[in-house]
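A.B. asks: Can you read through this structure? Questions will come right after.
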Amino acid sequence: MAQIILSLLFISLMMLGFSGTVESSSGARMYLEAQCRTSIYRELCVETLLPYVTKNALGPQQLARVSLAVCLTKARQTKEYVDMVAKRFNKSDQAIEECLYQINNGVNQITLSVKEFQQIGKDGEENFVLHEGNVQSWVSAGLTDVDMCIDGLLGDGFGGREKAMIKAKLLNVKQLASNSLSLFNRFASRHRASHIVKNP
């Protein structure tokens, strides 16, 4: 499902017919460093988006959409990994069960945010604030779920290797979600500023 969403996203981006191009990887990196400057995890933001801007100079909206789609893919992969580890250890451990619940909820929240983001611009400018608030709320909820999983999962019952791998994957999802929220907020702020209706 994540691959389908990502594929549809990139098809829609291509259909928009971007005229700008980034001539080199160094040019793309400089462009992304400027776009990612408000993100907490700036280098990850740049590295995540770099493969997608070498040929197309994506604007703030498209960068935020790509970032969110990548985050969703990683969240789904992490859920699958935690589920696999739990089955391999054959444990009915409350911490792992709770973590799986939280990750599943987090994936659902991010999925909702991706779908909501796709509605922006399709039903009129008057609904922008509604979509903006929903995307922000759902990504933030997903971040909370990942944090809770990190706090509650890494206790008893698992070996050091598995703990380290799960923690690394969860932290990666958390960082990607944080960057996605930052990029979305940057896009939303610029969008609202450009659509201010000036009273006569």
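A.B. asks: Please give, to one decimal in nm, the separation of the simple spin-label points placed at E43 and Q94, each 7 Å out from Cα toward the Cβ.
C.D. replies: Each label point is offset 7 Å from its Cα along the Cβ direction, giving 4.0 nm.
A.B. asks: Continuing with this model, one more query. Under 13 Å from the 7 Å Cα→Cβ point of H195, by amide nitrogen: which residues of the range 112-127?
C.D. replies: 117-127, by backbone N distance to the label point.
A.B. asks: Measuring from label point to label point, each 7 Å out along Cα→Cβ, what is the E33 to S140 span in nm?
C.D. replies: Going from the E33 label point to the S140 one covers 3.2 nm.
A.B. asks: Further question on the same structure: Using mean Cβ contacts within 10 Å as the protection proxy, how do 79-89, 120-130, 58-68 order, highest first?
C.D. replies: Working: 79-89: 15.5, 120-130: 12.1, 58-68: 22.3.
So the order, starting with the most tightly packed, is 58-68, 79-89, 120-130.
A.B. asks: Normalise the Debye intensity by I(0) for the range 68-191, one equal point scatterer per Cα, no solvent, then take log10 at q = 0.15, 0.20, 0.22 Å⁻¹ and round to two decimals.
C.D. replies: The Cα Debye sum returns log10 ratios of -0.66, -0.99, -1.15.
A.B. asks: In Å, the Kirkwood hydrodynamic radius of the range 101-156 over pairs of distinct alpha carbons? All intermediate terms of the calculation are to be shown ahead of the outcome.
C.D. replies: Details: mean 1/r = 0.0828 Å⁻¹.
For the range 101-156, the Kirkwood estimate is 12.1 Å.
A.B. asks: Quick one: of K115/K169; K122/K167; K122/K174; K74/K122, which pairs are farther than 32 Å apart, Cα to Cα? Could you put the intermediate results ahead of the total?
C.D. replies: Numbers: K115/K169 24 Å; K122/K167 38 Å; K122/K174 29 Å; K74/K122 27 Å.
From K115/K169; K122/K167; K122/K174; K74/K122, over 32 Å: K122/K167.
A.B. asks: Taking R0 as 45 Å, what's the FRET efficiency between L130 and R161 from their Cβ-Cβ distance, rounded to 0.05?
C.D. replies: Values: r = 45 Å, r/R0 = 1.01.
The calculated FRET efficiency here is 0.50.
Values in this text are rule-based calculations from the coordinates and carry no lab data. Please read these numbers as outputs of a predicted model, since none were measured by experiment. Positions of Cβ are backbone-derived with ideal geometry, glycine not excepted, and every protein chain shown enters the neighbour counts.
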